[in-house]
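Bear in mind these aren't lab numbers, they're just calculated from the coordinates by the rules spelled out. Source: prediction; values computed, not measured. Note that we place each Cβ from the backbone using ideal geometry, even for glycine, and neighbour counts take in every protein chain shown.
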Amino acid sequence: MPDISIMHALCRAVSPAITDCELSFIDRESIDVALAQAQHRDYIAALGALGVRVTELPAEPVLPDSVFVEDSVLLFDELAVLTRPGAISRRAEVDAIAPVVQSVRSRVERITQPGTVDGGDVLCIGQHVFVGLSQRSNQAAIDQLTAVLKPFGYAVTAVPIRNCLHLKSAVTALSDDTVLINPEWVAAGYFDAYRQIRVAESEAHAANVVRIGAAILMPSCFPETRALVQAAGFAVSTVDVSELQKAEGAVTCCCVLFTG
Ligand code: CIR
């Protein structure tokens, strides 16, 4: 039987409060909200052009970082896991997305105190789940995730990171056997089992890309890394997310991908 499962994405429109976003590793710059909203619409269009069916949730007026839906839920084929974000200002995002999550997965687990984890720290490659040990995600959450996912055959590995927000700031998968990595922010040895493409030296933030089947979506501001990824045989689309980058966002964080 051919695989006829369709790729879906949950996205949430940019909050007008995004100017009050959390920032950890970059300095605050003025964000043009209207431009951020326009760039987010382009991002959704880019996902659609790659065959993704997008469900766009309404903006949350008082949750500045709520466009970054990836951080509040992990969606696996068999279940969903609602997170407990590391930043207190972001915890209410989980309750905001929970009803939608319950409509796409019948089994829903939840990370509880003292665990904290942001979805940006969770990188799934096949049955392997790498979880960043970061300012946002801790060992208690990793232990909870390990217990919840083990019955479904997933192996969980904790991966310390440095000088960046999330594990997926430092490394994402281009395919099941290739990663795009910034070895300044994560030890490459954790990904020895994979072919590794390193981001261009002048593009530290370029490792965060969205993989849709065999296609890659990445920000338009990393041309050198884009060329490296294309030279490795991947089809790359780009989108300008400059205003979302000022909120320390990137491309993975603006969607939760799942098959259905
Ligand atoms: C935060 O600091 O939580 C937001 N301003 C940015 C979150 C980006 N999330 C992600 O890359 N997964």
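Quick notes on this structure:
- Exposure proxy ranking, count of Cβ atoms within 10 Å, fewest first, for Lys150, Lys246: Lys150, Lys246
- Here the residues Arg136, Arg90, Arg53, Arg198, ranked from fewest to most Cβ neighbours within 10 Å of their Cβ, fall in the order Arg53, Arg198, Arg90, Arg136.
- Over the C-alpha atoms of the chain, the Rg to Rh ratio, Rh being the Kirkwood estimate, stands at 0.92.
- Value of [θ]222 nm, deg cm²/dmol, for the chain, DSSP H segments ≥ 4, -39500 (n - 2.57) each, nearest 500: -6500 deg cm²/dmol
- In nm, spacing of pseudo-spin labels at Ser106 and Gln139 (7 Å Cα→C-beta vector): 3.8 nm
- For the chain, the relative contact order is 23 percent, taking Cα pairs closer than 8 Å that sit 6 or more residues apart in sequence and dividing their mean separation by the residue count.
- Contour minus Cα-Cα distance for Ala187 and Asp240 (0.36 nm per residue): 16.2 nm
- Computed E for Gln113/Ala17 - FRET, C-beta separation, R0 35 angstrom, nearest 0.05: 0.85
- Among beta bridges that DSSP assigns inside the chain, antiparallel share in %, nearest 5: 45 percent
- Centre-to-centre separation between the Cα atoms of segment 210-260 and those of segment 63-92: 20 Å.
- Potential lengthening between Ile26 and Ala155 on full extension [0.36 nm per residue; Cα-Cα distance subtracted]: 43.2 nm
- Proxy reagent accessibility, fewest Cβ within 10 Å first, across Met7, Met218: Met7, Met218
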